Amino acid sequence: MAKQSNKLTAKTVKNLKYDSNPQGKNKHSDGGGLYLLTHKNGSKYWRLDYRRPISRKPNTFAIGVYPEISLEQARLKRDEIKKLLSNGVDPAQERNNQRNELKANLENTFKKYSEEWLKIRELEGKVDSETIRKLNKDILPFIGDMPVTSFTVEQLEKDVTEQIVKRGALESARRVKSIIGMILKLALKKRIISYNPAYDITLPKPIRGNHNAIVSERELKELLIKIWQYRAENPRARKRTELALKLSAYIYQRPNEVRGLLWKSVDFENHCLSFKASKTYQDHIVPLSRQSFDILKELEQLKTTSKFVFPSTKTNLECMSEDTIRQALIRLGYKGKHTAHGFRATARTLLGEEIEYRIDIIEHQLAHTVKDPNGTAYNRTKFLKRRRQLMQLWSDYLDTLRQGGDVSVFKPQDNDNSFI
């Protein structure tokens with residue numbers, strides 16, 4: 001005959017007290033291995049005795065403390081354990097597995113893997129100031145504390161990329177998708193996750209190219225005039241924004257390198273900038289024309305405690321937002337016509353096609369990987385004297401164009417390229 005179950009009642013359980021008599025009874029069975037253990041400190045504990053499925057050794061499972069766990073709840077837990085046992089599962093081992101899984105989830109946060117990923121890139125000599133800014137602004141506040149095992153495509157889109165797309169920053173959304181994907185790839189490699197949901201994030205395609213650029217002298221002249229009148233036409237605009245636009249035109253480096261420029265990268269004595277190119281991660285030198293030098297000196301007068309030449313308006317710990325220059329160009333009437341990155345294409349096109357400067361020298365100054373006939377890759381100091389001449393030539397050309405002067409003096413005469 002089966003052992004009787006459900007011997008206790010709610011009232012009995014409530015009134016049970018610890019019996020200090022040596023012969024007293026402090027183990028009150030409800031049947032089926034379940035019992036309530038009364039303790040001399042006044043506490044009451046639900047316990048379940050059972051035999052381990054394989055070894056058949058006796059074991060005790062702690063269900064919980066009364067009254068947090070009621071009699072009814074304790075019985076439901078007993079029935080769950082019985083089902084596990086009937087399937088050959090040890091409830092104690094199952095609980096340990098669940099605890100370990102929960103602990104692993106709490107430890108395997110996206111923030112943890114982002115930090116590990118950044119350390120690896122640091123060892124590889126990668127420059128990640130812009131990546132860190134995007135992590136701190138657009139990613140970590142929304143998914144940093146979440147376990148990577150919980151991510152889905154829909155959730156990443158909803159919590160992260162859709163918010164960026166709403167700002168109209170499609171290129172930033174693309175970059176953020178890439179960053180998330182690279183970090184989750186590390187978790188995938190460690191077999192913490194079996195699928196990288198970042199790869200399937202869907203982003204709207206821009207109507208036109210991301211790096212629209214003006215490449216005609218007539219349009220460039222109009223743009224330059226508007227840039228030099230920016231604050232006059234927009235009295236509430238910041239002086240640094242206008243200077244950032246001017247410097248972008250003169251030195252035509254990547255937007256992240258301009259707005260993320262550090263004061264330690266500015267060498268006034270040698271009239272140059274020195275930093276790692278943000279795309280190729282190569283050491284790069286940008287000779288400063290007289291005009292660029294003067295702009296940086298003007299910026300020095302505005303210098304704060306920030307390490308950035310163009311600090312954020314919100315905190316000195318960050319650089320100017322990528323949206324600042326984009327919005328400035330929109331105010332100037334160049335939405336869809338010219339971007340911050342477009343200054344590079346402008347210089348590359350006009351220097352090559354109008355001024356007919358040597359393409360390999362231009363490419364070096366753009367920090368593109370250029371290989372010579374022997375296969376030697378970009379060298380930061382190669383053609384440095386010629387590149388210094390190039391940067392001064394370009395600045396003088398822009399000033400002459402803007403002021404309505406004769407730019408033909410910068411171009412080859414009688415089919416003879418004097419700049420070779």
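For the range 290-348, the candidate set comprises residues that are surrounded by fewer than 17 Cβ atoms within 10 Å (Cβ to Cβ), in a helix (DSSP H, G or I) and of a type in the set (S, T, N, Q); within that set, the residue that is modelled with the highest pLDDT is GLN301.
From ASN59, ASN15, ASN21, ASN41, which residue is among the polar types (S, T, N, Q), in the same structural domain as ASP90 (by TED's automatic domain parsing) and surrounded by 13 or more Cβ atoms within 10 Å (Cβ to Cβ)?
When all the criteria are applied, what remains is ASN59.
Restricting attention to the range 33-81, the residues that are over 48 Å from the mean Cα position of the chain (by Cα) and assigned to a loop (DSSP other than H, G, I, E, B) add up to 12.
Across the range 401-418, what is the number of residues that are at pLDDT 60 or above and surrounded by 11 or more Cβ atoms within 10 Å (Cβ to Cβ)?
8
The set of residues in the range 70-96 that are in contact with a Gly (Cβ under 9 Å, 6 or more places away or on another chain), closer than 20 Å to LYS44 by Cβ and not basic (Lys, Arg) comprises GLN73, ALA74, ILE81. For the range 104-135, a residue qualifies if it is touching an Asp or Glu at 6+ places or on another chain (Cβ under 8 Å) and without any contact (Cβ under 8 Å) to a residue 60 or more places away in the chain, and the qualifying residues are THR109, LYS111, LEU118, ARG121, GLU122, ASP128.
Among the residues of the range 267-287, those that are crowded, with 19+ Cβ neighbours inside 10 Å, touching a helix residue (DSSP H, G or I) at 6+ places or on another chain (Cβ under 7 Å) and either within 19 Å of SER395 (Cβ to Cβ) or among the hydroxyl-bearing types (Ser, Thr, Tyr) (or both) comprise LEU273, SER278, ILE285, VAL286, PRO287.
Note on the range 166-183: residues that are under 11 Å from ASP138 (Cβ atoms) and surrounded by fewer than 17 Cβ atoms within 10 Å (Cβ to Cβ) total 1.
Scanning the range 330-337 for any residue that is within 19 Å of VAL286 (Cβ to Cβ), of a type in the set (A, V, I, L, M, F, W, C) and in contact with a helix residue (DSSP H, G or I) (Cβ under 8 Å, 6 or more places away or on another chain) turns up nothing.
Annotation note: of LEU223, LEU188, LEU135, the sole residue that is part of a helix (DSSP H, G or I) and modelled with pLDDT of 95 or more is LEU223. Selection of the range 371-386 for residues being of a type in the set (A, V, I, L, M, F, W, C) and at pLDDT below 65 yields only ALA377.
Name the single residue, out of those in the range 276-289 being of a type outside the set (Lys, Arg) and outside any loop (DSSP other than H, G, I, E, B), that is farthest from GLN365 (Cα to Cα). My answer is ASP283.
The values are calculated or read from the model by the stated rules, or taken from the named source; none is laboratory data. Everything numeric here is computed off the predicted structure, so don't read it as measured data. Every residue, glycine as well, gets a Cβ built from its backbone with ideal geometry; the counts of neighbours run over all protein chains shown.
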